[in-house]
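Notes follow once the structure below has been shown.
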Amino acid sequence: MHLDTTVIHAGHPPVHEPGAFLPGPLFAATYVLPGDPANQPYTYGRFANPTWSAWEAALTALEGGPAVAFPSGMAAISAIFATVLRPGDVVVLPADAYYTTRLLAQGWLAELGVKVRLAPTRGDAQGDLLDGARLLWLETPSNPELHVCDIAALSARARASGALVAVDNTTLTAALQQPLALGATFSVASDTKMLTGHADLLLGHVATASEEWHQKLRTWRTQGGAIPGPMETWLAHRHLQTLGLRLARQCDNAEALVARLRAAPAVQAVYYPGSADTAAGRLLGAQMKRAGCVVSFDLGSRARAEAFLGACTLVREATSFGGIHSSAERRARWGADAVGEGFIRFSCGAEATDDLLADVTQALAAAVRAG
Ligand code: PLP
């Protein structure tokens, strides 16, 4: 069966069971629990909730390994750090990883005595730092320059040197790239972004091929208390049902935008995994079904980038990505990524392709007029 079909039905009651297709959120801090609590699935709200169970069943079907839901992507990332890493351990991170992941590692983990090694995503450079490492952390495509690395090759090298592998799969989701099938120990994502896609909630999850790590992550959530809310979880499950449709349109829009940007003299560089970069081109189709909805490009100056953003009529200036509404931002405004002042990260929404291209085209003309 196609994954798109699986995802539409995943975590739902059986098709012939009377009742709602997707039962609504269940709000409970505690449950009626007479007698012996052993073997009761729902005992207390921090331990378990039926709305999470349905959401996690859907994520498990999508990822190909048991999934644990968390209240944000960073809560999911922290759960892996907290369960895997101990003082003296080495973690190998992408130098171009999502910047809060880097900050957490270089701050909190380093203070605990964990050693942090950094290398770029491009060229599988992290593979050269694996000696003695406990955890290899990958993020592919990386953020915001969208460089890619070979998950299967790096996982094999990590396994040979005794390291676990986690892949931050936020940008593509498991619908386009399956880290567990490629040999990773953990597939982690911010579900705030492409997976749920409506800019109305924060969530994250970790899936793992290992039952032992699955139980450790679940225990961490129960004891640490970073639990998702039932309302967000249910909304997320509702949004997940259209993931295949959203991805198809949003990837189409990204590919059309890349072609338009590459032909535009005002654009100094375009960043998108594909033919221009041979390593990425090789992984496209094999490791990743498509390259996702995020496109980055450089307009060369802050003035041009701001004029572009101000002139767009369909594109909201906002951080984050993956939603059905197109959005974009000048990344240098955060001061956290090593990018130029005119660098824009653009997240293609699900608008009709012609409308989006027309809007971008007139906004590029406005950028040129800005000098
Ligand atoms: N991973 C990536 C690649 C991200 O872009 C983000 C957020 O921007 C996160 C993780 C963190 O997710 P959240 O904001 O849901 O905590």
Residues with amide H under 5 Å of residue 119's amide H, sequence separation 5 or more or different chain, H placed in the peptide plane at 1.01 Å from N; which? 93, 95
Order the following by accessible area, largest value first: 46, 302. Probe radius 1.4 Å; ligands, DNA and RNA are ignored. 302, 46
Give the accessible surface of segment 245-369 per residue, rounded to a whole number of Å², with probe radius 1.4 Å and ligands, DNA and RNA excluded. 42 Å²
Under the rule rounded for a/c under 1.5, else prolate if a/b exceeds b/c, else oblate, using alpha carbon gyration tensor axes a ≥ b ≥ c, segment 311-370 is classed as oblate
Once phi is turned into θ = phi - 60°, what whole-Hz ³J(HN,Hα) does the Karplus curve with 6.51, -1.76 and 1.60 give for every residue of segment 59-70, x standing for Gly and Pro? 5, 4, 5, 5, 8, x, x, x, 10, 10, 8, 10
Starting from the Cα gyration tensor of segment 181-231, take the square roots of the eigenvalues, sort them a ≥ b ≥ c, and report rounded, prolate or oblate (rounded when a/c is under 1.5, otherwise prolate if a/b is larger than b/c, else oblate). oblate
Surrounding charge for residue 46, neighbours by C-beta under 13 angstrom, Lys/Arg +1, Asp/Glu -1, total +2
Rounded to the nearest 500, what is the chain's calculated 222 nm mean residue ellipticity when only DSSP H runs of at least 4 contribute -39500 (n - 2.57) each, over all residues? -10500 deg cm²/dmol
What is the set of long-range amide H partners of residue 139 at a cut-off below 5 Å, with H atoms built 1.01 Å from backbone N? 168
Treating the angle as unsigned and between 0 and 90°, give the value, to the nearest 10°, between the Cα long axis of helix 211-224 and the longest Cα principal axis of the chain. 90 degrees
Quantify, in whole percent, the carbon and sulfur part of the accessible surface of segment 245-369 (1.4 Å probe; protein heavy atoms only). 53 percent
Largest first, what is the accessible-area ranking of 198, 147 with a 1.4 Å probe? 198, 147
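Which whole-number percent of Cα pairs in segment 245-369 have a distance greater than 25 Å?
18 percent
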Can you give the accessible area per residue of segment 106-231, in Å², using a 1.4 Å probe? 36 Å²
Long-range HN-HN contacts of residue 205 with modeled amide H, under 5 Å: 70, 189, 191
Cα-based helix-to-principal-axis angle, 353-369 vs the chain, degrees rounded to 10: 50 degrees
Cα gyration tensor category, rounded, prolate or oblate, for segment 69-226 with a/c compared to 1.5: rounded
The chain: radius of gyration over Cα atoms, expressed as a fraction of 2.2 N^0.38 Å: 1.01
Whole-Hz Karplus couplings 3J(HN,Hα) for segment 290-303, θ = phi - 60° and coefficients 6.51, -1.76, 1.60, Gly and Pro as x, run 9, 9, x, 9, 9, 10, 10, 7, 10, 9, x, 8, 4, 4
Accessible area, probe 1.4 Å, largest first, for residues 355, 131: 131, 355
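The values are calculated or read from the model by the stated rules, or taken from the named source; none is laboratory data. Everything numeric here is computed off the predicted structure, so don't read it as measured data. Cβ coordinates were reconstructed from backbone atoms using ideal geometry, including for glycine residues, and neighbour counts include every protein chain displayed. All accessible areas refer to the heavy atoms of the entire protein, side chains included, with ligands and DNA or RNA removed. Shrake-Rupley method; radii C 1.70, N 1.55, O 1.52, S 1.80 Å.
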